[in-house]
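Here is the structure we will look at, set down as structure tokens.
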Amino acid sequence: MRILVTGGAGFIGSHLIDRLMTEGHEVICLDNFYTGHRRNLLKWFDHPYFELIRHDITEPIRLEVDQVYHLACPASPIHYQYNPVKTIKTNVMGTLNMLGLAKRVKARFLLASTSEVYGDPEVHPQTEDYRGNVNPIGIRSCYDEGKRVAETLAFDYHRQNDVEIRVARIFNTYGPRMLENDGRVVSNFVVQALRGQPLTVYGNGSQTRSFCFVSDLVEGLMRLMNGDHIGPVNLGNPDEYTILQLAEAVQQMVNPDADIKFEPLPQDDPRRRKPDITRARTWLGWQPAVPLTEGLTLTIEDFRSRMGDRAATAQPTSPL
Ligand code: NAD
Ligand code: UDP
Ligand code: UDP
């Protein structure tokens, strides 16, 4: 098949492209390199089935493809809050353009939505029929309301124009190739521990998240795309940890001498998050296979090799 991956130079998109290329598909990657990098795709540059196009999806583009994985959108709060109007444009105008393209060429369209559509959830764990508790005017709204509109657009193109859609609600995902300055919790803690700096826990660290390793997530996305259910489907790891537990795990694995310091909790920071993955299990036969300690080990190795000699020596133990 010929497959378009928007945001394919980013963290999840580049891992997805590795899988699609390995399976022998033709892949076109569209990216404006806001948070993505050509280095994530270097190994495919000379491959005859791979094409990289620098393009901003808020502008229309005409391509002929069979499937669209629509991932283009900055995912980390510091990046999506840097230019919030641009984030909304990417989610609304960008998604509209990609749905228009999918309609024209009759391609199947998968939207990378997010657990953020549940906001600061009052239902725990979150099931797909929970409608969320979202602040429409807060600093996270450009992202979470943007993704909610993107879901609405996808379902309206499905109902109105018969576009074959798939909607994945992705929960916190981590792994190799996250950016050093990404600002998300796993990359922050790993980078801080490798540099011997204090690990910054926001609030008292009692808020929870559930962390999915990127290879598990990519497997879930591909099963959703090629299965019969349109979704939405939660894709994430249901193992829930407090942020303080995560800090202690990274501390022990990388640098037991690193301190933990507490900083103010950002505005609208969700208190708890954990996916109910019953749909993914029954519809897709999918569940995560990589435990947190194993995924963290692979992630730490990747950061260490990128950061070179600045990194400290790993201690292969974890309290998790
Ligand atoms: P990322 O920031 O690494 O990747 C996003 C990619 O989109 C980057 O390569 C960026 O350059 C590109 N991009 C951004 N705006 C664009 C535009 N206007 N035109 C073209 N390209 C553009 O993020 P990621 O973690 O790989 O996330 C990928 C997708 O998954 C995003 O849609 C994100 O919302 C979603 N998601 C991620 C997580 C997570 O934990 N990583 C969780 C939920 C949802
Ligand atoms: N679009 C695109 N590539 C295509 C087809 C459409 O970028 O191959 C854009 C198009 O420019 C429009 C959007 O997608 O801005 C929605 O397209 P649609 O055909 O649904 O709406 P219309 O063009 O009729 O407003
Ligand atoms: N967080 C933290 N220290 C950091 C970065 C993040 O304690 O250096 C917290 C953040 O306040 C949130 C959780 O970790 O409660 C996850 O944050 P992230 O930005 O990774 O993802 P999201 O909030 O979008 O789930």
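The values are calculated or read from the model by the stated rules, or taken from the named source; none is laboratory data. Since this is a predicted model, take the numbers as computed values, not measurements. Backbone-built Cβ (ideal geometry, glycine too); neighbour counts: all protein chains shown.
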**Study point:** Listing of strands (runs of 3 or more DSSP E) fully contained in segment 208-288 that carry 3 or more residues being under 20 Å from the mean Cα position of the chain (by Cα) and within 16 Å of ligand 3 (Cβ to nearest atom)
**Key:** 208-210, 240-242
**Study point:** Residue list for segment 288-302, restricted to those being in contact (Cβ under 8 Å) with a residue 60 or more places away in the chain and either under 15 Å from Asn237 (Cβ atoms) or touching a His at 6+ places or on another chain (Cβ under 9 Å) (or both)
**Key:** Pro288, Ala289, Val290, Leu292, Glu294, Gly295, Leu296, Leu298, Thr299
**Study point:** Scope segment 72-96; condition away from ligand 3 (no atom under 16 Å from the Cβ), of a type outside the set (Ser, Thr, Tyr) and surrounded by 22 or more Cβ atoms within 10 Å (Cβ to Cβ); matching residues
**Key:** Ala72, Gly94
Review point. When the residues of segment 26-38 are filtered to those that are crowded, with 17+ Cβ neighbours inside 10 Å and in a loop (DSSP other than H, G, I, E, B), which remaining residue is farthest from ligand 2 (Cβ to nearest atom)?
Key: Thr35
Check your understanding: Going by the conditions given, is Gly132 under 15 Å from the mean Cα position of the chain (by Cα) and either within 21 Å of His15 (Cα to Cα) or modelled with pLDDT of 95 or more (or both)?
Key -> no
Practice item. Filter segment 162-174 down to residues that are in contact (Cβ under 8 Å) with a residue 60 or more places away in the chain and more than 9 Å from ligand 1 (Cβ to nearest atom) and give me whichever is farthest from the chain's Cα centre (by Cα). Key: Val163
Check your understanding: Which of the residues spanning segment 149-182 are in contact with a Lys or Arg (Cβ under 8 Å, 6 or more places away or on another chain), crowded, with 18+ Cβ neighbours inside 10 Å and assigned to a helix (DSSP H, G or I)?
Key -> Tyr157
Exercise for review: Kindly indicate which of Val123, Val190, Val105 is within 16 Å of ligand 2 (Cβ to nearest atom) and farther than 24 Å from Ile88 by Cβ.
Suggested key: Val105
